[in-house]
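Worksheet: one structure, shown below.
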Amino acid sequence: MLQALEQQCELSSAGRAEAGDAELLFPAWTGMGTAPASSNNTLQTKRRAVAWRLLLTLLFVKQASAQCRILRCNSEFVAATLNLEGGAGGEARYCSSLRSYALCTRRTSRACRGDLAYHSAAQGIEDLMIQHRCPKTGPTSRPRPQAPLSSHDGPPAGDSCNYNRSFYFREGRLPSYFHCGVFGDPHIRTFQDDFQTCRVKGAWPLIDNNYLYVQVTSAHVAKGSNATALTEITIIFKNFKECIDQRIYQAEINNVPAAFNDGSTNGGNRRGGNSLTIGGQPYGQHIEIRAVYIGTTIIVRQSGGFLAFSIRTPQEVAHSFPEEQDLQLCLSGCPSSHRLPRYPPLSSASSLQAAKLKCGSELPKEDIYFQACVFDVVTTGDTNVTRTFAEALEDARTLIPDVERLHLYASSTSKFSIALPTLWLIFFLVTAHL
């Protein structure tokens, strides 16, 4: 199953009909398959038109599935072409950016099937490749994420196993962080603050990057129920330079050890061995792992009869993986075919009301944690599970540095996160350099 999850998404031939519909909203994408104009002014005008199309796409397509990453592809193309100048060199770089744009859309094609923004972008890329006479093969310009700790331009030796210090040394600022939480039936709060309830029986990867691998195993909550919950968590901290030896941590129901599999509580005998530590009560139900060398904190706990997982990790670390390995539950959520509705479909009004009253006694606001609590109480019939969500909220409060992001609400989890003034700023930055 893990192998199947990590396979690269191939370009689907389906959806061209939807692209035709997209042309009704984005007509300027069409009719661009003519020979390129010799005038730089004409070229700049057409590139400005591309910027308009991308801006309109960002404005009008406010919802996309967690796995469809076409808006990210659009943003990367805009960023890559901000400062391009005319001439042969500029054209070569523009074609390189277009090939990167096409590659990005191909990788997300399966998840974006039927998405208006995706089909509009795919058709637009095709037209622009013809207009600029760009070869379909050649170099691409998509930047790779920078490795968190570079041995060439990194920090002083004393800070090489302290991510926050080394990042500040390189960038002059503190890093930005992602949070992911998995709890209950299970409910997933992704790195993008998407919230989903999933049916994911068996083993699935939550995180799979260059430094960290997290896999969870789920089983059915109750006989006849579609809902599942975590029964086992495996975390692998990969061997990292002079800082740590590889460490494996495993937790299962009624066994949440405060040590790694080999009995150790740190990263080994290397100079930076103490940049990875684990703490908690030896026979308790809650542990915390601090991986200072990658700026990451993980909380694993047993809540009720099931496990819960929370993590805070730098964006740079979370994005350090090959593009074909982007199907991670913390990154993009569970596949759409494995998602469950907000409330159990057969739940009665009385059972919903009783669950809301019970959850309201433990949770301060009717946010996603409240929503998840109601789902689980109705599904399992166990009113004692409410404590699970109070603990999940507390873990999020511990790990999310921005308190304004703590509470998410059902109507806000699917909203596009770029504000209108930001979109206009992007547009004017683009057109100013064309």
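The values are calculated or read from the model by the stated rules, or taken from the named source; none is laboratory data. Predicted model, so just to flag it, every value in this text is computed and none were measured. Cβ sites come from the backbone with ideal geometry, for glycine too, and all protein chains shown count toward neighbours. These area figures cover heavy atoms from the full protein model, side chains too; ligands, DNA and RNA do not enter into them. Shrake-Rupley method; radii C 1.70, N 1.55, O 1.52, S 1.80 Å.
General observations
- Which numbered condition Asn210 fails, given (1) at pLDDT 90 or above; (2) in a strand (DSSP E or B): (2)
- Scanning the range 398-416 for residues that are at pLDDT below 50 and open to solvent by less than 60 Å² (accessible area, probe 1.4 Å) yields a total of 4.
- When residues of the range 272-284 are limited to those that are touching a Ser or Thr at 6+ places or on another chain (Cβ under 8 Å) and either outside any strand (DSSP E or B) or of a type in the set (S, T, N, Q) (or both), the one least open to solvent (accessible area, probe 1.4 Å): Gly272
- Failed item in (1) within 21 Å of the chain's Cα centre (by Cα); (2) part of a loop (DSSP other than H, G, I, E, B); (3) in contact (Cβ under 8 Å) with a residue 40 or more places away in the chain, with Val182 passing the rest: (2)
The rows are residues; the columns are (1) closer than 20 Å to Arg189 by Cα; (2) modelled with pLDDT under 80; (3) assigned to a helix (DSSP H, G or I).
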site	(1), (2), (3)
Ser337	yes, no, yes
Lys356	no, no, yes
Glu362	yes, no, no
Phe370	yes, no, yes
Ala390	yes, no, yes
Ala396	yes, no, yes
Ile418	yes, yes, no
Phe427	no, yes, yes
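- Selection status of Ala229, hydrophobic (A, V, I, L, M, F, W, C), touching a helix residue (DSSP H, G or I) at 6+ places or on another chain (Cβ under 9 Å) and assigned to a strand (DSSP E or B): yes
- Within the range 365-396, being open to solvent by 70 Å² or more (accessible area, probe 1.4 Å) and within 23 Å of Gln302 (Cβ to Cβ) holds for Asn384, Arg387, Glu394.
- Selection count where residues are open to solvent by 30 Å² or more (accessible area, probe 1.4 Å), in a loop (DSSP other than H, G, I, E, B) and either at positive phi or not hydrophobic (A, V, I, L, M, F, W, C) (or both), scope the range 252-265: 6
- Matching residues, the range 155-213, being within 30 Å of Arg271 (Cβ to Cβ) and polar (S, T, N, Q): Ser160, Asn162, Asn164, Ser166, Ser176, Asn209, Asn210
- Scanning the range 58-77 for residues that are modelled with pLDDT of 55 or more and polar (S, T, N, Q), we see that the one that is most open to solvent (accessible area, probe 1.4 Å) is Ser75.
- The set of residues in the range 299-328 being within 16 Å of Arg189 (Cβ to Cβ), open to solvent by 10 Å² or more (accessible area, probe 1.4 Å) and assigned to a helix (DSSP H, G or I) consists of Gln315 alone.
- Within the set Tyr293, Tyr249, the sole residue that is of a type outside the set (A, V, I, L, M, F, W, C), in a strand (DSSP E or B) and modelled with pLDDT of 95 or more turns out to be Tyr249.
- The single condition among (1) in contact with a strand residue (DSSP E or B) (Cβ under 6 Å, 6 or more places away or on another chain); (2) hydrophobic (A, V, I, L, M, F, W, C); (3) surrounded by 22 or more Cβ atoms within 10 Å (Cβ to Cβ) that Phe240 does not meet is (1).
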